1. Take the range 22-40 and flag every residue that is open to solvent by less than 50 Å² (accessible area, probe 1.4 Å) and closer than 15 Å to Asp116 by Cβ.
2. Counting only residues that are in contact (Cβ under 8 Å) with a residue 24 or more places away in the chain, closer than 23 Å to Arg82 by Cβ and not in a helix (DSSP H, G or I), how many does the range 42-55 have?
3. Quickly run through the range 56-73 and pick out the residues that are charged (D, E, K, R) and in contact (Cβ under 8 Å) with a residue 12 or more places away in the chain.
4. Among the residues that make up the range 62-74, is at least one of them outside any helix (DSSP H, G or I), within 14 Å of the chain's Cα centre (by Cα) and on the phi < 0 side of the Ramachandran plot?
5. Is there any pair with a first residue in the range 113-142 that is closer than 15 Å to Gly49 by Cα and a second that is modelled with pLDDT under 70 and of a type in the set (S, T, N, Q) whose Cβ atoms are under 9 Å apart and which are 6 or more apart or on different chains, and what are they?
6. If I go through the range 57-79 residue by residue, how many of them are touching a Phe, Trp or Tyr at 6+ places or on another chain (Cβ under 8 Å) and more than 12 Å from Gln99 (Cα to Cα)?
Amino acid sequence: MPSRKSIDETYEEAARRLGRVTALEAAEAVRAGAVLVDTRSLDQQRAQGYVPGAVHHPLSVLAWRLDPDCPTSNEKIPLDARVLLICREGYSSVFAAQQLRELGFTRATDVIGGVDAWIAAGLPVLRQAHETVVDLDEAVSG
């Protein structure tokens, strides 16, 4: 009978295989064309804020929405795309990224520390889902 692994052991094993990224690395990767997928619930998004540029696929439906063979109404992400998952704290996204790799997303990984780390790094979050981010370096005063 195979030996049992604890959730912590399972998490650590999965995290080691993923080549996880920091929040700052994720922001740079998104600027370079990576797809950032926010897996938090709507309640978590409302509480923490919305990550600009991220597509939202809650953890409960993530695999179905991204699987190219599953008929859903959302736009499909190519299997060869760099997909970065972000959750609240960077735990559930590890398991979700591992699952996406099993579905064929060979470049799927996640953001270490999740949205908590994103905010701590000073990266923008929106208070409303469709708010616009203003780049202060590019803003023109009138």
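1. Step one: filter the range 22-40 for residues open to solvent by less than 50 Å² (accessible area, probe 1.4 Å), giving 23, 26-27, 29-30, 34-40.
The answer is Ala23, Ala26, Ala27, Asp38, Thr39, Arg40.
2. The first filter runs over the range 42-55 and keeps only residues in contact (Cβ under 8 Å) with a residue 24 or more places away in the chain, leaving 44-45, 48-52, 54.
Pick out the ones that are also closer than 23 Å to Arg82 by Cβ and you get 45, 50-52, 54.
Then keep just the ones that are not in a helix (DSSP H, G or I); that gives 50-52, 54.
So the answer is 4.
3. Within the range 56-73, the first condition is being charged (D, E, K, R), and the residues that meet it are 65, 67, 69.
Passing the criteria: only Asp67.
4. Checked against the condition, which is being outside any helix (DSSP H, G or I), within 14 Å of the chain's Cα centre (by Cα) and on the phi < 0 side of the Ramachandran plot, the range 62-74 yields no hits at all.
5. As it stands, the answer is Leu126/Thr132, since those pairs meet every condition given.
6. Residues of the range 57-79 touching a Phe, Trp or Tyr at 6+ places or on another chain (Cβ under 8 Å): 66, 70, 72, 77, 79.
This time we only want the ones that are more than 12 Å from Gln99 (Cα to Cα), so: 70, 72, 77, 79.
So the answer is 4.
A quick yes/no check of all residues on (1) assigned to a loop (DSSP other than H, G, I, E, B); (2) acidic (Asp, Glu); (3) modelled with pLDDT under 95:
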site: Leu59; (1), (2), (3): yes, no, yes
site: Arg88; (1), (2), (3): yes, no, no
site: Val94; (1), (2), (3): no, no, no
site: Gly104; (1), (2), (3): yes, no, no
site: Asp110; (1), (2), (3): no, yes, no
site: Thr132; (1), (2), (3): yes, no, yes
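The values are calculated or read from the model by the stated rules, or taken from the named source; none is laboratory data. Treat the numbers as computed from the prediction; the structure is a model and nothing was measured. Ideal geometry is used to build each Cβ from the backbone, glycine not excepted, and the neighbour counts take in all protein chains shown. To get the accessible areas, we keep the full protein, side chains included, count just its heavy atoms, and leave off ligands, DNA and RNA. Shrake-Rupley method; radii C 1.70, N 1.55, O 1.52, S 1.80 Å.
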